[in-house]
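S.K.: Once you've had a glance at the structure underneath, I'll fire off some questions.
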Amino acid sequence: MGEAQTAVEKENLRRYILRLRDRQSIGEVEQKSQDTTDQVLHLHEYVRARGIACYVNKDTEVDTRVLIRTALDQGKRVLVPVVKKGDVELFFSEIKDLGKELAPGTFGILEPKQEFVRPVSLDEVDVIFVPGIVWDREGYRLGWGRGYFDRAIKKLPPHVRSAGLAFNLQLITRVPRDQFDVPVDMVVTESRVIRCHK
């Protein structure tokens, strides 16, 4: 399959799955997010993690706020991704309080306000939770196509596990992929944990 064809296929899939995701009621998103969080809290990778890196959800993504608050309450370090305008790399910033430290940043996603930016290396965490629009069982994903998380996953220290958070309706048999796409170690949904053997 040529690159142009892959790009078209990815875009169509993105649109289709986003429509399905956005069609859920607020109650459904909340309940499924809670169930997904429960699955995460029982993962041995999470339980023994000293720290986690986690996206802050937007729109109808799996809601990560309960996960972030729980990790903070348990005394784990929590890093959230920050996009600097014009940069192709994400950097991660430690947060201590989800309520007061964040404000909408690039792309309207919540990020630490300027006075709360505390850049920390991903060496300091044990698990990174990754957003995505479409997922498959091998851990490949489609995001918004900007490649921020692919670049971050590619450079993860060897001890850090990567986990995608998704609703079952976001899973398909095989995500179209190209040479820049990097799979995660596991995908967690409201009803299961899929371990992706690389």
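S.K.: What's the center-to-center distance, using Cα atoms, between the range 99-145 and the range 1-49 in Å?
M.R.: Rounded to whole Å, the Cα centres lie 14 Å apart.
S.K.: First select every other residue whose beta carbon is under 12 angstrom from the beta carbon of ILE26; then total the charges, Lys and Arg +1, Asp and Glu -1.
M.R.: The answer is -3.
S.K.: Between 0 and 90 degrees, rounded to the nearest ten: what's the tilt of helix 26-41 against the longest Cα principal axis of the chain?
M.R.: 70
S.K.: To test your reading of the geometry: what angle, between 0 and 90 degrees and rounded to tens, separates the Cα axis of helix 3-22 from the longest principal axis of the chain?
M.R.: So the inclination is approximately 60 degrees.
S.K.: Can you list the HN-Hα couplings for the range 176-186, worked out from phi with the Karplus curve (6.51, -1.76, 1.60; θ = phi - 60°), rounded to whole Hz and with x for Gly and Pro?
M.R.: x, 9, 10, 5, 8, 6, 10, x, 8, 6, 7
S.K.: What percent do you get for the relative contact order of the range 68-146 when only Cα pairs under 8 Å and 6+ apart count?
M.R.: Once divided by the residue count of the range 68-146, the mean separation gives 21 percent.
S.K.: From the Cα gyration tensor of the range 1-96, with a ≥ b ≥ c the square roots of its eigenvalues, which class applies: rounded if a/c is under 1.5, or else prolate if a/b is larger than b/c, or else oblate?
M.R.: oblate
S.K.: Using a Förster distance of 41 Å, how high is the FRET efficiency between GLU124 and ASP35, based on the Cβ-Cβ distance and rounded to 0.05?
M.R.: It comes to 0.90.
S.K.: Between TRP135, LEU67, LEU13, whose Cα lies farthest towards the positive end of the dipole of the range 1-136 when Lys and Arg beta carbons carry +1 and Asp and Glu beta carbons carry -1, centred on the Cα centre?
M.R.: Projecting each Cα onto the dipole axis, the largest value belongs to LEU67.
S.K.: At 222 nm, what helix-only mean residue ellipticity would the chain give, in deg cm²/dmol to the nearest 500, using -39500 (n - 2.57) for each DSSP H run of four or more?
M.R.: Roughly -9000 deg cm²/dmol at 222 nm, from the helical runs in the chain.
S.K.: Which one of THR60, THR173, THR37 has the biggest mean-square fluctuation once the chain is modelled by GNM with Cα springs under 10 Å?
M.R.: Maximum among the listed residues: THR173.
S.K.: Please work out whether the range 143-198 counts as rounded, prolate or oblate from its C-alpha gyration tensor, where a ≥ b ≥ c are the square roots of the eigenvalues and a/c under 1.5 means rounded, while otherwise a/b larger than b/c means prolate and anything else oblate?
M.R.: Since a/c reaches 1.5 but b/c is at least a/b, the shape of the range 143-198 is classed as oblate.
S.K.: Stokes-Einstein diffusion coefficient for the range 68-117 at 10 °C in a medium of 1.306 mPa s, Rh from the Kirkwood formula over Cα pairs: what value in µm²/s?
M.R.: The calculation lands on 140 µm²/s.
S.K.: To continue, here is another question. Using each residue's phi in the range 105-122, evaluate 6.51 cos²θ - 1.76 cosθ + 1.60 at θ = phi - 60° and report the 3J(HN,Hα) Karplus result to the nearest Hz, with x for Gly and Pro.
M.R.: Along the range 105-122, the couplings run x, 4, 6, x, 8, 5, 9, x, 5, 3, 6, 10, 6, 10, x, 9, 6, 5 Hz.
S.K.: Using only the alpha-carbon atoms of the chain as identical scatterers, what base-10 log of I(q)/I(0) does the Debye formula give at q = 0.10 Å⁻¹?
M.R.: -0.38
S.K.: I need to check one value: relative contact order of the chain, counting alpha carbon pairs closer than 8 Å and at least 6 residues apart, in percent.
M.R.: Contact order relative to length: 23 percent.
FYI, it's all coordinate maths here, none of it is from the lab. Just so you know, these numbers come straight off a predicted model, no measurement behind them. Note: ideal-geometry Cβ built from the backbone for every residue, glycine included; neighbour counts use all protein chains shown.
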